[in-house]
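To start, the structure under review is shown below, and the notes come after it.
Computed from the coordinates by the stated procedures, all read-outs in this text should not be read as laboratory data. Keep in mind the model is a prediction, meaning the values are calculated, not measured. A quick note on method: Cβ atoms are made from the backbone with ideal geometry, for glycine too, and the neighbour counts reach across all protein chains shown.
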Amino acid sequence: MKSFLKEVLLELYTTTEDISNLIFLVPSKRAGLFLKKELLDIYREQPILVPEILSIEEFITKLSGLQQIDTIQTVFEFYETYLSTNTHLPKEDFETFTTWAQTLIYDFNEIDRYCIDHKSFFAYLSSIQDINHWYLQKEKTELVQNYIQFWESLLHYYDSFKNRLLSKKIGYQGLLYRKASEDIKEYVKTEKRKHILVGFNALNNAEQIIFQTLLEANLGDAYWDADTFFVENKYHEASLFLRGYKEQWEYYKNNTFKWIKNNFSEEKDIKLIGVPKNVGQGKCIGQILKKIPKQDIEKTALVLADEGLLQPLLNAMPNTVESVNITMGLPLKEIPVSSFFELLFELHKNDNHRGLYYKSVLEILNSRPAYWLLGDTAKQLINTISKENIVYVTLRNLQDQCSSKEIEILDLLFKPWDGVAIALEHCRTIVQLIKEKLDKDKDALELEYIYQFYLIFNKLFTLYNTYKYITTIGALYTLYKDILMSETLDFSGEPFRGLQFMGMLESRCLDFETVIISSVNEGVLPAGKSTNSFIPYDLKRAYNLPTYKEKDAIYTYHFYRLIQRAKNVYLIYNTEDEGVGGGEKSRFLLQLDIDKRPKHTVTHYTVSSNVPKFNTQSHQVGKNNAVLIKLRELAAHGLSPSALTSYIRNPIDFYYKYVLGIRETDEVEETIAANTLGTVIHNTLETFYKPLENSFLSIDEIKRMRDAIDTELQAEFKREYADLDITQGKNLLIFEVAKQYIRNFLKSEEKVVSEGGKLKIIAIESNLKTQVQIPELDFPVYIKGKVDRIDELDGQLRVIDYKTGKVTRNDVVLMDWEVITEDYKYSKAVQVLAYGYMQHNENPISEAFTAGIISFKNLKEGYLKFGTKESIRSKPNHNITNETFEAYLSQLKKLILEIFNIEIPFIEKEV
């Protein structure tokens, strides 16, 4: 395969005496590099001086005599113009100005690149805005007048801005193009070398003026990369621009249009591959690259229509690809460190008068840079915030347990940024400290990341000192994001070795035998109708400014040009319908079927992942001697009713919690959790009833407790949540629910006493422990627990467990003892019987007694007593006797023997 660049050079080799006296103009610097490589191949035996090779941007800069400035500097220069122009009008601060200025600068850029008569253009634009929005209003309000004045002022802003930049000999891209098109006539009078224009397609008006001037002055020769199939098909967008130049330029009425070749119709193997998700595309491309022979890798291009796919593809590179040349940079916003500074800005630009919101603090402390700076102290601080339930964190909360050096670091991270200068100083110091913490050998990549942020904050510092308009953290943050979006981390490598990894625009003028293009989806290739401009579509059409149609045609040309000389083409698209660039394959793929030539082989594939066969067998953990030792320790310490019901619910959960000792991680609770609500209510009732042990409850005591509900509940909530606000929001509602629960409970107690009931409090929150006799085991087994309340009502003992959740009578009434240790539904019965047995064993009771639950969510049913019944219709027997304990112990022993049986594994239940 002869590449386009080689064909151009071979033509010049036969027609030009001295190629060294030529000036080559190419679309990009990368095309210039490949041009030099082809020169080396052709003139290997004949030493020459390399001709001057310029990208179009370099030539425009040279021709205009202006220095191009970046977007950020352009915004500042425009702001100074904005302030000094039409000074009688109200002016916005810099932060507000940046929200619309970049869009306007983009429009200025287009107007200049296409050499539009700006006076008539802006007059037309302001008239359109007047008609569209306010024409029908007879009396214009101040808002309307200001709006119209803004559009009428655009001409003044443009003229002042242009003159300001020209006086400084600087300019944005469009201004350089306009100036170059104005100076081209003087240039051709002095420059005698011939200009070879190679591989251009979509030219703006300034470029067209320059190119036509060079051609007509006999100082230029243009080589276009056109194809017969597209040029002859007048409706095909791939030749929209080239066909226009051929038909409209005066030069081509008397000269040959070079070249129209017939490459697209040659033999090609084209594979259209649908793959789910971006990661799937990466893996699919990795599989394709594995199949390409090593000697053909250098003739292969991997082109990313969506450059956000860079990292997934780098991670999917197979070992067979020994070297990769990446022409695009990695956007700094994709670098892990960028999220750390993003979090810092988000934290400090908000009003933190109540303290720092814990989620923001935890996100920062969990980040890798925080670990570099603080080491394990970061983890300790996270645990402290979670354990102490600190919703709004203060510096003192963090610094109390830190060394002096760590206190300085926490100051840098969390001390309020009182002004832009302090913010920049803190960020620059953080960057420097991270650099000192990293190892040059082990952390080379991270050091490169940090260096990029060193450059960013130095640039921000310079801009701040130069222009003085960044007065708020919000404005600094906006500027930081703009820089972050435009800067990239560039890769270094051999430009001609290995796999060529590039974006669509880097592929201009380049040809490869194998081409792989990713993300060939609508909305990505082509990009679609989205545009960031103040200029209406109709006005663009009237002045021949590019619209989405022309932009689509540019990508159509690049797409087809890439594949027109290739032999093997892989076009990958995302089949998942999620967000932009997903689901709908590009129209280019549909068009390929229509454009198919006789020598083309077009094959469609859909790739899917290997779906593993799910193992339906329950997860099991076998028991060994180490597990039995842990279980014996647990038996000696005492099995709680909660532990027993945990095993009934799911043996695996029992294993994790009670054998392995795995506990749930502490998390900050902004809203009071259900279990905490239960703890607060239990503690409040303990405070109320503990002083009344061994005494009868009276109406006066109940009234005293009722009057103290508010005070005691607040104190209990304060103990659980030192800094939690319970005066508003959901927490206030939960607090009121807790009050209502206790008030209703005391009301039910008052009713019992007022109706003549003799209610004696025996014990409150009593710790109980007793041995369960199991002859089959050669070690003692104990059960233990804390019973909420033991009392006597009219002489009958009651063992009571409080529940803040809803419990019904059916949950504590049995017909079949066998189900009590098998069905978790009866866990409440297991618990109350355990408390009853422990109480009976420690303090033997000669008479029958009851055990049951008081459910605060179901207080209308009162005291829910455990009971047994023989049939659905029979009445339950609520008295607990020795026979009850015998039946219960029989099931309890069976459960404990199962837990301690080495032959029975812990088997996960579906819950």
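Annotations for the structure displayed:
- Scattering from the chain was approximated by placing one identical point on each alpha carbon and applying the Debye formula without solvent; log10 I(q)/I(0) at 0.07, 0.09, 0.10 1/Å stands at -0.83, -1.07, -1.20.
- Theoretical FRET efficiency, 1/(1+(r/R0)^6), r = Cβ-Cβ of LEU889 and VAL621, R0 25 Å, to 0.05: 0.35
- Between the range 683-761 and the range 217-242, the Cα center-to-center distance that results, in Å: 88 Å
- The range 354-359 - phi-based ³J(HN,Hα) in whole Hz, Karplus 6.51/-1.76/1.60, Gly and Pro as x: 7, x, 8, 4, 4, 4
- Distance between modelled label sites at ASP653 and SER339, nm, 7 Å Cα→Cβ extension: 3.1 nm
- Inverse of mean 1/r across different Cα pairs in the range 1-155, Kirkwood, Å: 20.3 Å
- Reduced Cα scattering model of the range 182-239, Debye log10 I(q)/I(0), q = 0.13, 0.15, 0.16, 0.28 Å⁻¹: -0.42, -0.53, -0.58, -1.15
- Note on the chain: dipole from Cβ charges, positive end direction compared against SER609, LEU639, PRO90; the farthest Cα belongs to SER609.
- For VAL50, VAL391, VAL611, the sequence from fewest to most other C-beta atoms within 10 Å is VAL611, VAL50, VAL391.
- Quarter of the Cα convex hull surface for the range 670-756, i.e. its orientation-mean projected area (nm²): 5.7 nm²
- Cα shape, the range 748-813, gyration tensor, a/c 1.5 rule: prolate
- Cross-link partners of LYS179 among aspartates and glutamates (Cα-Cα below 19 Å; sequence separation of 8 or more within a chain): GLU57, GLU58, ASP70, GLU77, ASP107, GLU110, ASP112, ASP117, ASP159, GLU191, GLU207
- Computed from the C-beta positions of ASP93 and ASN383 and an R0 of 35 Å, the FRET efficiency is 0.25 to the nearest 0.05.
- Angstrom value of the Kirkwood radius, inverse mean 1/r, which spans all Cα pairs in the range 762-911: 16.3 Å
- Sequence-ordered 3J(HN,Hα) estimates for the range 540-556 from the Karplus curve with 6.51, -1.76 and 1.60 and θ = phi - 60° stand at 4, 5, 5, 9, 6, 7, x, 10, 4, 5, 5, 5, 4, 5, 4, 6, 4 Hz, glycine and proline given as x.
- Summed side-chain charge close to LYS784 - residues other than LYS784 whose Cβ falls under 14 Å, Lys, Arg +1, Asp, Glu -1: -1
- Under the Karplus curve 6.51 cos²θ - 1.76 cosθ + 1.60, θ = phi - 60°, whole-Hz ³J(HN,Hα) for the range 306-313, x wherever Gly or Pro sits: 10, 6, x, 7, 4, 5, x, 6
- Greater than 29 Å apart at Cα, pairs in LYS828/LYS875; LYS865/LYS894; LYS290/LYS613; LYS168/LYS435; LYS349/LYS440: LYS168/LYS435; LYS349/LYS440
- From its DSSP helices (H runs of at least four residues, each -39,500 (n - 2.57)), the chain gives a residue-normalised ellipticity at 222 nm of -15000 deg cm²/dmol.
- Ordered by the count of other Cβ atoms within 10 Å of each Cβ, fewest first, VAL303, VAL602 give VAL602, VAL303.
- Ranked for footprinting exposure by Cβ neighbours inside 10 Å, fewest first, VAL520, VAL420, VAL275 give VAL420, VAL275, VAL520.
- Assuming charge only on the beta carbon of Lys and Arg (+1) and of Asp and Glu (-1), the dipole of the range 333-489 about its Cα centre is about 220 debye to the nearest 20.
- The local environment of LYS893, defined by Cβ-Cβ distances under 11 Å, has a net charge of -2 under the rule Lys, Arg +1 and Asp, Glu -1.
- In straight-distance terms, cross-link reach from LYS36 covers every one of the lysines whose alpha-carbon lies under 22 Å from its own, apart from those fewer than eight places away in the same chain; here that gives LYS2, LYS6, LYS62, LYS194, LYS258, LYS299.
- Length released on extending from LYS253 to VAL737, taking residue separation times 0.36 nm less the Cα-Cα span: 165.3 nm
- Amide H to amide H distances under 5 Å link ILE762 with ASN694, ILE790, ASP791, GLU792, where only residues 5 or more positions off or on other chains count and H is placed in the peptide plane.
- Local electrostatic count at ASN218 - Lys and Arg +1, Asp and Glu -1, tallied over other residues with Cβ under 11 Å: 0
- Note that the range 344-407 shows a convex hull volume over its alpha carbon atoms of 84 Å³ per residue.
- Where Rh is the Kirkwood radius over Cα pairs, Rg/Rh for the range 472-562: 1.07
- Rg to Rh quotient for the range 333-489, alpha carbon positions, Kirkwood Rh: 0.96
- Gyration tensor (alpha-carbon) shape descriptor, the range 811-893, a/c threshold 1.5: rounded
- Between ILE699 and GLU818, the FRET efficiency from the beta-carbon distance, with R0 = 56 Å, is close to 0.75.
- Gain upon complete extension [GLN68, THR547; 0.36 nm per residue less C-alpha separation]: 170.0 nm
- Relative frequency of Cα-Cα separations exceeding 26 Å in the range 658-814, percent: 41 percent
- Near the amide H of ILE170, within less than 5 Å, lie the amide hydrogens of GLN67, all on another chain or at least 5 residues away, with H placed in the peptide plane.
- Taking N as the residue count of the range 150-272, its C-alpha radius of gyration divided by 2.2 N^0.38 Å amounts to 1.39.
- Here's how it looks for VAL520: its modeled amide H is under 5 Å from those of ILE572, TYR573, ASN574, which are all 5 or more places away or on a different chain.
- Segment THR103..LYS29, full-extension length gain: 23.9 nm, with 0.36 nm per residue of separation and the alpha-carbon distance subtracted.
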